[in-house]
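Chemist: The structure that follows is given in the form of structure tokens.
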Amino acid sequence: MQRSSVNLGDVPCLEHGREQMRGRSLVVVFLATVGMVLLFWALVPGGWTEEEATDYRSFYLPVAQNLAEGRGLVTSEGDPAVRYPPGFPLLLAGLFGSARWTGTPEVLWLQGFTLLAMGWAAVGLCGLAWMVVGECGALVAAGLWMTYPFNLWLTKQPNSELLFLPLFYGALLLCGGALWRSWSWS
């Protein structure tokens, strides 16, 4: 009697189940990262503060406030804001405008953005690791990322780096996915 071998990767329902599991894992990574940042804020002395962020207070905040009030991309002295790239002040101006529109404190929008950025950065890193080392390795990488002390320290104040982490990992994920597919086809 001859046994037939079945490649389980070719069974459509199992492939669908794997994709659902990946989606659930990424949601758990996002929520766990947000939870870890909130726990860090609760435990670190001083919690979340704007006071320690010198670049934020001296440059990003005044430029963003000028943008939000329609004065353009200028510093508090009225000079063109060219010391740093305009990405972070543009984001802050949008957050401040949303705060004004909803009547909520600006700090809540900043904290909410920080939580979203860290969550999406962890998801992007997890997706990258998933392509290279598989599910277990990806979840370990995400766990290390969300508990990394320097990373958590960045979240305790407004930092321009937080805007670019999810964008950077997202770009790497797109490029890596395209390269990975082209390598697997050859």
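Chemist: Can you tell me how many residues within the range 31-59 are touching a Phe, Trp or Tyr at 6+ places or on another chain (Cβ under 7 Å) and either at pLDDT 75 or above or under 22 Å from L144 (Cα atoms) (or both)?
Modeler: Summing the residues that are touching a Phe, Trp or Tyr at 6+ places or on another chain (Cβ under 7 Å) and either at pLDDT 75 or above or under 22 Å from L144 (Cα atoms) (or both) in the range 31-59 gives 4.
Chemist: Okay, next question. Considering only residues that are outside any loop (DSSP other than H, G, I, E, B) and of a type in the set (S, T, Y), look in the range 91-104 and name the one that is surrounded by the fewest Cβ atoms within 10 Å (Cβ to Cβ).
Modeler: T102
Chemist: Inspect all residues belonging to the range 108-125 and state whether any of them is of a type in the set (S, T, N, Q) and within 25 Å of G47 (Cβ to Cβ).
Modeler: The answer is yes, given that some residue of the range 108-125 is of a type in the set (S, T, N, Q) and within 25 Å of G47 (Cβ to Cβ).
Chemist: I'm told L91 meets every condition in (1) of a type in the set (A, V, I, L, M, F, W, C); (2) in contact (Cβ under 8 Å) with a residue 60 or more places away in the chain; (3) touching a Lys or Arg at 6+ places or on another chain (Cβ under 9 Å) except one. Can you identify the failing condition by its number?
Modeler: (3)
Chemist: Identify the residue in the range 17-51 that is touching a Lys or Arg at 6+ places or on another chain (Cβ under 9 Å) and surrounded by fewer than 12 Cβ atoms within 10 Å (Cβ to Cβ) and, among all such residues, is nearest to G134 (Cα to Cα).
Modeler: Ranking the qualifying residues of the range 17-51, first place goes to G47.
Chemist: Now for a separate question. Hey, can you tell me all the residues within the range 22-52 that are without any contact (Cβ under 8 Å) to a residue 12 or more places away in the chain and part of a helix (DSSP H, G or I)?
Modeler: Answer for the range 22-52, where residues must be without any contact (Cβ under 8 Å) to a residue 12 or more places away in the chain and part of a helix (DSSP H, G or I): G23, R24, V27, V28, G35, L39, A42, L43.
Chemist: Checking A64 against (1) within 18 Å of F150 (Cβ to Cβ); (2) more than 18 Å from the chain's Cα centre (by Cα); (3) surrounded by 13 or more Cβ atoms within 10 Å (Cβ to Cβ), which test does it fail?
Modeler: (1)
Chemist: Which of the residues belonging to the range 53-86 are under 15 Å from Q111 (Cβ atoms) and either small (G, A, S) or in a loop (DSSP other than H, G, I, E, B) (or both)?
Modeler: A53, the sole residue that qualifies.
The values are calculated or read from the model by the stated rules, or taken from the named source; none is laboratory data. Quantities reported herein were computed from a predicted structural model and do not represent experimental measurements. Quick reminder, even Gly has a Cβ in these numbers, built from the backbone with ideal geometry, and neighbours come from all protein chains shown.
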